[in-house]
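Some notes on the structure that comes next.
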Amino acid sequence: MRMSISIYILLSISGASLQRFNLFDFWTNLFRPLPINEKEGFVPDYRPKDGQEYDFIVVGAGSAGCVLANRLSEIPHWKVLLLESGGNENFFSDIPIFAPFLSITPMNWGYNSEPEQKACRDLRGRVCYLPRGKVLGGSSVLNFLIYQRGHPEDYNDWVRMGNEGWSYDEVLPYFKKSENIRIPELKNSTYHGLGGYLDIDYAPYNSVLNRAFKEAGEELGYEWNDPNGENVIGFSKPQATMRNGRRCSSSKAFLEPVRFRRNLKVSKHSTVVRILIDPLTNIAKGVEFIKNNKRRKIYARREVILSAGSIGSAQLLMLSGVGPKPHLAELGINNLVDLPVGYNLQDHVTFSGNAFIVNASGLCVNDMVASSPTSAAAYLMGQGPLTIPGGATGLAFTQTQYAQDLAKGRPDIELVMGAGSLAGDLLGILRSMLGVTDSWYSEVYGSLPLEERQRSFAINPVLIRPRSVGRVTLRSANFSDQPKIHLNYFDHPNDLQAIKEGVRFAQRVIGTKAFQRYGTKLHNTPFPNCEGFPFDSEAYWECAIMQTSITLDHQVGTCKMGPSRDPTAVVSPRLLVHGIQRLRVADASIMPRIPASHTHAPVVMIAEKASDLIKEDWRGL
């Protein structure tokens, strides 16, 4: 009962209130993660002294940084320091269905895009909210836990772009190395690994709609399959980074089991503001960071490794003089190497806002169900609706006519079925995460009876093969000024058409006998500013998509990997920054092209491979 009351209180407090009254730190300390085995536990905070030296300095304890810290510290004589701007995970961040709530806490960097022309047009400020993790575990603490790798040809494309060593056959062992698959029917699969640090499992909770989703796929001619196996296209239950019904973040998986290694130090609440690069030799010597309001400089005998993500790594490089010369000159930053840092920004965009209503109670999950004592009690036993990964209960992948340039079997659209919908967001948590205004919500769902709002679920189409490309630029030469993020969603006309096909795909799904068994229907109140178009027309959906499409939080590509002959590349296939010695980037920013997948699994793979590249480069030294 105490837990359910605490959940309800937390869900009822706005993100602004959490920050204003510092309540988040109070709750974090009160409800630290409860270890379920001897490998989990509190990671000690280390305070580096000014001028100290380490073999490797890893910047960012996110999806990649935790892996690197673990693997590099396997070499006993290497001293490894991991720097993270945020603090600890807590009891609530472990709850899978609470993922949307975490985005309105200080665990999030709070990035926003610049105003978009063709997306997020009816959201607060006409900007897209871009949650990024500021916590041990990084965005693996904020994400929806979905573990999905993409199509093999996504990685073969990287090789075709000049990146030797990154083919699917060469990276599959790294996917398997990190994985501990807990799904019984997949334990003998050649595509999955056993005994790795990262647990992968299905949520233990199932509803009637899960079965309807499976039957709908079969009715439409799709297989119920493993999207990380031989065929990506098909319907499936989400595989999740989950351990006994709880979130298994990169920190929990890779950092906590090795927290007592003598040669590994982790410094929390430590924000790196600059890479120290010798301007005469272009050798990275260390970093300057802020901890407890004090600036310190520390030094790396071997390498500085950036794992701060597609926004953070690009920002740090440019602030340190590595980036586009004209842009840095505008801000008075001395340019050491002229590289296209910040370009090639790619992301997966999803259309949110639609709600599908069923004619029976108990089929859907809303925030009132999630905050009930029954759900809390079930969660303590590793069961119940709180174990649903970010609320996602089903995935489907398909190829539209706008991906005919791709080989057969390579998807460009994903459907994510949610256990609930925006209509059932009675407490406003989901609205806060998406940036949806109360007036928009009232206009679209205000006339819908409360009972029907609670009997609603979502099927959101995701554009997983975008052609539009954006850019990250500096706002100023001051690290505390967040960079400008230009997403350019739907800049390429085929992107809008493809996601519109995703809307039609979702309609075909709910039109099946499997869903019509429950009288499933689309709520048909038009979105604001789209009333001038006939509802369900092509023009209406184009308008609606541009009003409320949002990020799936998969920004990649701003420090593009490519050979030295590629003028668009920032790092080599060994992830070394071109023109700078002893500086490497290992995170989502190095992806030359975004895979058709949720990006957490590929980022973990990149870090696993980067660790081996580093060990090869420093073997015997």
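The values are calculated or read from the model by the stated rules, or taken from the named source; none is laboratory data. Please read these numbers as outputs of a predicted model, since none were measured by experiment. Virtual Cβ from ideal backbone geometry, glycine too; neighbours counted across all protein chains shown. Calculation scope for accessible area: heavy atoms of the full protein, side chains included, ligands and nucleic acids excluded. Shrake-Rupley method; radii C 1.70, N 1.55, O 1.52, S 1.80 Å.
Which of the residues spanning region 191-234 are closer than 15 Å to A601 by Cβ, in a loop (DSSP other than H, G, I, E, B) and not polar (S, T, N, Q)? Break it down stepwise before answering.
Going through region 191-234, the residues closer than 15 Å to A601 by Cβ turn out to be 191-193, 196-201, 226-229, 232.
Keeping just the survivors that are in a loop (DSSP other than H, G, I, E, B) gives 191-193, 196-197, 226-229, 232.
Answer for region 191-234, where residues must be closer than 15 Å to A601 by Cβ, in a loop (DSSP other than H, G, I, E, B) and not polar (S, T, N, Q): Y191, H192, G193, G196, Y197, D226, P227, G229, V232.
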| task | Exactly one condition in (1) open to solvent by less than 10 Å² (accessible area, probe 1.4 Å); (2) within 25 Å of D495 (Cβ to Cβ); (3) hydroxyl-bearing (S, T, Y) is not met by S537; state its number. | result | (1)
| request: Would you point out which residue out of F213, F235 is in contact with a Ser or Thr (Cβ under 9 Å, 6 or more places away or on another chain), hydrophobic (A, V, I, L, M, F, W, C) and open to solvent by less than 30 Å² (accessible area, probe 1.4 Å)? | output: F213
| remark: Expected single match for at pLDDT 95 or above, touching a Ser or Thr at 6+ places or on another chain (Cβ under 7 Å), open to solvent by less than 30 Å² (accessible area, probe 1.4 Å) and not in a helix (DSSP H, G or I) among V304, V341, V273, V287 is V341
| said: Tell me yes or no: at least one residue of region 542-558 is in contact (Cβ under 8 Å) with a residue 40 or more places away in the chain, in contact with a strand residue (DSSP E or B) (Cβ under 9 Å, 6 or more places away or on another chain) and over 20 Å from V462 (Cβ atoms). | reply: yes
| query | Which pairs do you get when a residue that is more than 18 Å from P449 (Cβ to Cβ), found in region 404-432, comes within reach of a residue that is of a type in the set (K, R) and open to solvent by less than 30 Å² (accessible area, probe 1.4 Å), reach meaning Cβ atoms under 9 angstrom, with the pair 6+ apart or on two chains? | reply | L406/R465; R410/R465; P411/R465; D412/R465; I413/R465
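Results for (1) part of a helix (DSSP H, G or I); (2) more than 25 Å from A61 (Cα to Cα), shown as yes or no for each residue.
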site: P563; (1), (2): no, yes
site: P573; (1), (2): no, no
site: G579; (1), (2): no, yes
site: S597; (1), (2): no, no
site: A601; (1), (2): yes, no
site: S611; (1), (2): yes, no
site: K615; (1), (2): yes, no
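Looking at region 579-588, is at least one residue in contact with a Leu (Cβ under 9 Å, 6 or more places away or on another chain), surrounded by fewer than 23 Cβ atoms within 10 Å (Cβ to Cβ) and either free of Cβ contacts under 8 Å to residues at least 24 places away in the same chain or of a type in the set (A, V, I, L, M, F, W, C) (or both)? Steps first, please.
To start, the set of residues in region 579-588 that are in contact with a Leu (Cβ under 9 Å, 6 or more places away or on another chain) comprises 579-580, 582-587.
Now narrow it down to the ones that are surrounded by fewer than 23 Cβ atoms within 10 Å (Cβ to Cβ): 579, 582.
Filter again for either free of Cβ contacts under 8 Å to residues at least 24 places away in the same chain or of a type in the set (A, V, I, L, M, F, W, C) (or both), leaving none.
Checking region 579-588: not a single residue is in contact with a Leu (Cβ under 9 Å, 6 or more places away or on another chain), surrounded by fewer than 23 Cβ atoms within 10 Å (Cβ to Cβ) and either free of Cβ contacts under 8 Å to residues at least 24 places away in the same chain or of a type in the set (A, V, I, L, M, F, W, C) (or both).
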| request: Please identify the pairs in which a residue from region 131-152 that is under 21 Å from N231 (Cα atoms) has its Cβ atom under 7 Å from the Cβ atom of a residue that is in a loop (DSSP other than H, G, I, E, B) and of a type in the set (A, V, I, L, M), counting only partners at least 6 apart or on another chain. | output: G150/A596; H151/V232; H151/A596
| field | Lone unmet requirement of (1) part of a strand (DSSP E or B); (2) surrounded by 19 or more Cβ atoms within 10 Å (Cβ to Cβ) for G312 | value | (1)
| query | Considering region 361-402 alone, what residues qualify as being touching a Lys or Arg at 6+ places or on another chain (Cβ under 9 Å), under 14 Å from S421 (Cβ atoms) and open to solvent by 10 Å² or more (accessible area, probe 1.4 Å)? | reply | L363, C364, N366, T393
| note | Expected output for region 255-274 (first residue touching a residue at least 40 places away in the same chain (Cβ under 8 Å), partner buried (at least 20 other Cβ atoms within 10 Å of the Cβ) and of a type in the set (K, R), Cβ below 7 Å, 6+ apart or cross-chain) is N263/K79
| field | In region 177-191, the residues that are of a type in the set (S, T, Y), surrounded by fewer than 20 Cβ atoms within 10 Å (Cβ to Cβ) and in contact (Cβ under 8 Å) with a residue 40 or more places away in the chain | value | S189
| query | Out of curiosity, is T350 part of a helix (DSSP H, G or I) and polar (S, T, N, Q)? | reply | no
| remark: Expected output for region 158-176 (first residue under 18 Å from L186 (Cβ atoms), partner hydrophobic (A, V, I, L, M, F, W, C) and not in a helix (DSSP H, G or I), Cβ below 8 Å, 6+ apart or cross-chain) is none
| note | Just one listed residue, out of G424, G428, G418, is buried (at least 24 other Cβ atoms within 10 Å of the Cβ), within 30 Å of G312 (Cβ to Cβ) and of a type outside the set (D, E), and it is G418
| field | Close pairs (6 angstrom Cβ cut-off, 6 or more residues apart or separate chains): farther than 18 Å from L576 by Cβ and charged (D, E, K, R) in region 305-333, open to solvent by 10 Å² or more (accessible area, probe 1.4 Å) and modelled with pLDDT of 95 or more anywhere | value | K325/N335; K325/D338
